[in-house]
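Asker: One structure, as structure tokens, below. Some questions next.
The values are calculated or read from the model by the stated rules, or taken from the named source; none is laboratory data. Worth saying up front: this structure is predicted, and the values here are computed from it rather than measured. Every residue, glycine as well, gets a Cβ built from its backbone with ideal geometry; the counts of neighbours run over all protein chains shown.
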Ligand code: BG6
């Protein structure tokens, strides 16, 4: 399929009617729906679908830089580039294909990109939907240059929620975090699940591999399972920041929460010829 700007999108479906839509622009997942058709990812009503800006919502991939922690544009360039379908990807484990509907994408830097970030790489992304509606994203980054480089990555996942006041995040208790609202200073989280009453923009460090986002109103819980992604970004712009973001409605911050599997504090180093693999698996379960 194509979106209204002619950007190609790939639609994955499972036999029960769940679906995932991936855009070749940015390799961004732009929709993830349950069997009953309910959308699980937030997309702003003011989202701009016209490249070269990433769509406000879904799962943009921040790579090779997170935020402004480096010389590149905010969150790196991968989310603002066209990816291609990888017809013949190197094999993955058979379990990554079995019983799944999937697509393989590939991103390589352009001449222009290499002028600003002189490291040749291949970024392969598999997006898969399984019988139970689980969404899996497997990223493989290979250094095809003759010198080492390091990168950061985040799957900037915009979860669709009933209301920010109804949500809590479990799995980040007692962790250290870097607070982007306070010069990236380091703090330690308390023992309670995270709830939200104001703007938040943090990188939690070295978390367990399972994080839960509980929505009391919807009685549903998102479960994030990650591998190779030690850190977790939690972002909600709240009222004031939302007004400053052109492609986000003033009140829409209430319906979204970004919780990203990420590798930020310790960038990943790749020697020539080396490959890194990271996985993110998202599922949703009914809760009380
Ligand atoms: C967060 C950053 O993860 O992403 C914020 O820490 C930023 O500072 C937000 O505002 C959204 O970024 P962008 O570039 O998509 O507006």
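Asker: For the subset of the stretch 66-76 comprising residues that are touching a helix residue (DSSP H, G or I) at 6+ places or on another chain (Cβ under 8 Å) and farther than 16 Å from residue 261 by Cβ, which member is nearest to the ligand (Cβ to nearest atom)? Quick ask: steps written out before the conclusion?
Answerer: First, pick out the residues of the stretch 66-76 that are touching a helix residue (DSSP H, G or I) at 6+ places or on another chain (Cβ under 8 Å): 67, 71-73.
The next check asks that each one be farther than 16 Å from residue 261 by Cβ; those that pass are 71-73.
On the way: 71: 16, 72: 12, 73: 9 Å.
It comes out as 73.
Asker: Sort out which residues of the stretch 39-65 are farther than 25 Å from residue 254 by Cα and either at pLDDT 95 or above or away from the ligand (no atom under 16 Å from the Cβ) (or both), and write them in order of number.
Answerer: Of everything in the stretch 39-65, those that are farther than 25 Å from residue 254 by Cα and either at pLDDT 95 or above or away from the ligand (no atom under 16 Å from the Cβ) (or both) turn out to be 63, 64, 65.
Asker: If the requirement is being over 19 Å from residue 160 (Cα atoms), away from the ligand (no atom under 16 Å from the Cβ) and assigned to a helix (DSSP H, G or I), which of these qualifies: 92, 12, 114, 105?
Answerer: Numbers: 92 fails: assigned to a helix (DSSP H, G or I); 12 fails: assigned to a helix (DSSP H, G or I); 105 fails: assigned to a helix (DSSP H, G or I).
The conditions single out 114.
Asker: Spot the failing condition for residue 51; the list is (1) within 30 Å of residue 148 (Cα to Cα); (2) touching a strand residue (DSSP E or B) at 6+ places or on another chain (Cβ under 8 Å); (3) part of a loop (DSSP other than H, G, I, E, B), and only one is missed.
Answerer: (1)
Asker: May I ask you to say which residue of 257, 172, 214 is surrounded by 16 or more Cβ atoms within 10 Å (Cβ to Cβ), assigned to a loop (DSSP other than H, G, I, E, B) and more than 11 Å from the ligand (Cβ to nearest atom)? Show your work before the answer.
Answerer: Details: 257 fails: assigned to a loop (DSSP other than H, G, I, E, B); 214 fails: assigned to a loop (DSSP other than H, G, I, E, B).
Among 257, 172, 214, only 172 is surrounded by 16 or more Cβ atoms within 10 Å (Cβ to Cβ), assigned to a loop (DSSP other than H, G, I, E, B) and more than 11 Å from the ligand (Cβ to nearest atom).
Asker: All but one of (1) crowded, with 17+ Cβ neighbours inside 10 Å; (2) within 16 Å of the ligand (Cβ to nearest atom) hold for residue 185; which doesn't?
Answerer: (1) is the only condition that residue 185 fails.
Asker: Only one of 36, 68 is within 20 Å of residue 223 (Cβ to Cβ), part of a loop (DSSP other than H, G, I, E, B) and modelled with pLDDT of 95 or more. Can you tell me which?
Answerer: The match here is 36.
Asker: So which pairs qualify, if the first residue must be in the stretch 247-263 and in contact (Cβ under 8 Å) with a residue 40 or more places away in the chain, the second must be assigned to a helix (DSSP H, G or I) and more than 12 Å from the ligand (Cβ to nearest atom), the Cβ gap must be under 7 Å, and the two must be at least 6 apart or on different chains?
Answerer: From residues that are in contact (Cβ under 8 Å) with a residue 40 or more places away in the chain, the pairs are 253/164; 253/239; 254/164; 257/164.
Asker: Here is a further query. Taking the options 94, 15, name whichever one is more than 25 Å from residue 263 (Cβ to Cβ), modelled with pLDDT under 95 and surrounded by fewer than 19 Cβ atoms within 10 Å (Cβ to Cβ). Steps first, please.
Answerer: Working: 15 fails: modelled with pLDDT under 95.
Just one listed residue meets the conditions, 94.
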